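A short worksheet on the structure shown next.
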Amino acid sequence: VKARYSYNYVQEDGQWKIQHHHSSVMPEEIAFGKSITEDGVRELFGLWNNALATLDPKKVAARYAREGVLLPTVSDVPRTDFTSIEDYFINFLKNKPQGEILESHVTIGKNTCSDVGIYEFTMGSTGAKVKGRYSFVYVWEDDEWKINHHHSSVMPEGTMAQPIKEEEVRNLFQLWNSALATEDPDAVAKRYAKNAVLLPTVSDVPRTNYDLIKHYFVGFLTKKPQGEILESSVTIGHNWCQDAGIYEFTMGTTGDKVKGRYSFVYVWEDEQWKISHHHSSVMPEPFLGPAPKPVEEKNEEIDAILS
């Protein structure tokens with residue numbers, strides 16, 4: 001704590017004694033508060049981020065003021081004291097997070113300041129990147145800036161469904177078909193999502209990762225296939241969609257045409273639609289014999305009109 005002082009000493013009883021002592025707080029800090037620049041406010045985030053890097057939840061919790069409130073990203077419970085704030089970071093720090101501010105808006109008041117915007121975390125445990133919105137309100141306490149309020153939330157548009165129309169779902173097939181045309185198994189495998197599963201037409205082995213999917217297309221692409229959808233049925237969900245039906249391939253090496261049944265399930269991943277599930281099978285009736293055809297229901301009202 002800084003202060004101003006005045007001492008007036010006098011010679012008394014053979015020694016110097018204090019005759020007058022005036023002590024006062026720094027007046028500008030009373031009138032204007034603890035000074036800080038906008039860049040200085042932004043740098044306060046670095047103190048918190050450095051505490052994260054220690055992986056010590058006590059050190060992170062110590063960055064919060066005595067009456068600090070944390071509204072965390074992935075917990076419904078407001079954290080209103082040291083113990084509950086520390087408890088949140090015990091689990092969060094297992095991800096080894098390190099943050100970076102992408103967008104910042106600073107406000108400075110008397111012994112208080114705020115920084116709100118968007119930050120992004122890189123999780124050292126997985127390499128995943130996660131964006132979020134943040135509000136930090138700092139107060140001058142115990143001769144340093146502490147976090148009095150911290151509100152962190154997910155990006156809300158990321159929780160909204162990615163819009164797509166039925167015709168656009170059908171056109172996703174052409175992205176995969178165009179990858180086939182490159183005759184590059186890597187290009188085809190990259191059309192599949194991170195956790196995709198491929199159940200191929202001519203292999204009993206489920207392909208459950210990038211390498212296995214790519215391996216399947218190394219052989220399949222030697223036939224130079226190009227596909228065409230003959231019959232399609234589309235379903236659209238929240239950040240996923242499905243196209244199931246019948247397709248036909250023309251093999252460029254021989255000119256042969258081969259029909260098959262398909263199911264594509266797409267998910268919105270890394271800002272694009274990727275194949276999460278692909279099940280392809282031969283047409284069963286040439287092998288098992290014809291199955292009974294579904295009976296169409298007669299509409300008696302229409303028949304009456306026509307007659």
Original post:
So what is the calculated 222 nm ellipticity per residue for the chain, using -39500 (n - 2.57) for each DSSP H run with n of 4 or more, over all residues, to the nearest 500 deg cm²/dmol?
Top reply: -7500 deg cm²/dmol
**OP:** On the protein heavy atoms, probe 1.4 angstrom, tell me the percent of accessible surface of the chain carried by carbon and sulfur.
**Re:** 53 percent
**OP:** Step through the table entries LYS223/LYS257; LYS2/LYS146; LYS110/LYS146; LYS194/LYS214; LYS165/LYS223, compare each Cα-Cα distance with 21 Å, and write down the pairs that go over it.
**Re:** LYS165/LYS223
Original post:
Given the convex hull of the Cα atoms of the chain, what is a quarter of its surface area in nm²?
Top reply: 30.0 nm²
Original post:
Fully extended, how many nm does the chain gain between SER23 and GLN272 (0.36 nm per residue separation, minus their Cα-Cα distance)?
Top reply: 83.0 nm
Original post:
What nm value, rounded to one decimal, do you get for the distance between MET123 and SER135 when each label is placed 7 Å out toward the C-beta?
Top reply: 2.6 nm
**OP:** Determine ³J(HN,Hα), in whole Hz, for all residues of the range 249-262 in sequence, where each value follows from phi through the Karplus function 6.51 cos²θ - 1.76 cosθ + 1.60 and θ = phi - 60°; x replaces Gly and Pro.
**Re:** 9, 9, 8, x, 6, 10, x, 5, 10, 10, 8, x, 9, 9
Subject >> Stretchable slack from ASP143 to GLU183, in nm (0.36 nm times residue separation minus alpha-carbon distance) >> reply: 7.8 nm
**OP:** Could you work out the local net charge near GLN272, counting Lys and Arg as +1, Asp and Glu as -1, over the other residues with Cβ closer than 13 Å to its Cβ?
**Re:** 0
**OP:** With a probe of 1.4 Å, find how much accessible area the chain has per residue, and write the answer as a whole number in Å².
**Re:** 62 Å²
**OP:** Could you calculate the contour length gain from THR250 to LEU102, that is, 0.36 nm times the residue separation minus the distance between their Cα atoms, to one decimal place in nm?
**Re:** 48.4 nm
Original post:
For the pair LYS194 and VAL116, what calculated FRET efficiency results from E = 1/(1 + (r/R0)^6), where r is the Cβ-Cβ distance and R0 = 30 Å, to the nearest 0.05?
Top reply: 0.40
**OP:** Please say if the range 83-122 is rounded, prolate or oblate, where rounded means a/c under 1.5 for a ≥ b ≥ c the square roots of the C-alpha gyration tensor eigenvalues, and otherwise the choice is prolate for a/b larger than b/c and oblate otherwise?
**Re:** oblate
**OP:** Could you work out how far apart the two model spin labels at GLU38 and SER281 are, taking each label as a point 7 Å from the Cα in the direction of the beta carbon, and quote it in nm?
**Re:** 6.3 nm
Subject >> Loop trypsin sites (Lys or Arg not before Pro), the range 1-89, which have at most 15 other Cβ atoms in a 10 Å radius of their Cβ (DSSP) >> reply: LYS2
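The values are calculated or read from the model by the stated rules, or taken from the named source; none is laboratory data. Because the structure is a prediction, the values reported are computed rather than measured. Heads up, the Cβs are rebuilt from the backbone with ideal geometry, glycines too, and the neighbour counts pull from every protein chain shown. Accessible surface areas use protein heavy atoms only, side chains included; no ligands, DNA or RNA. Shrake-Rupley method; radii C 1.70, N 1.55, O 1.52, S 1.80 Å.
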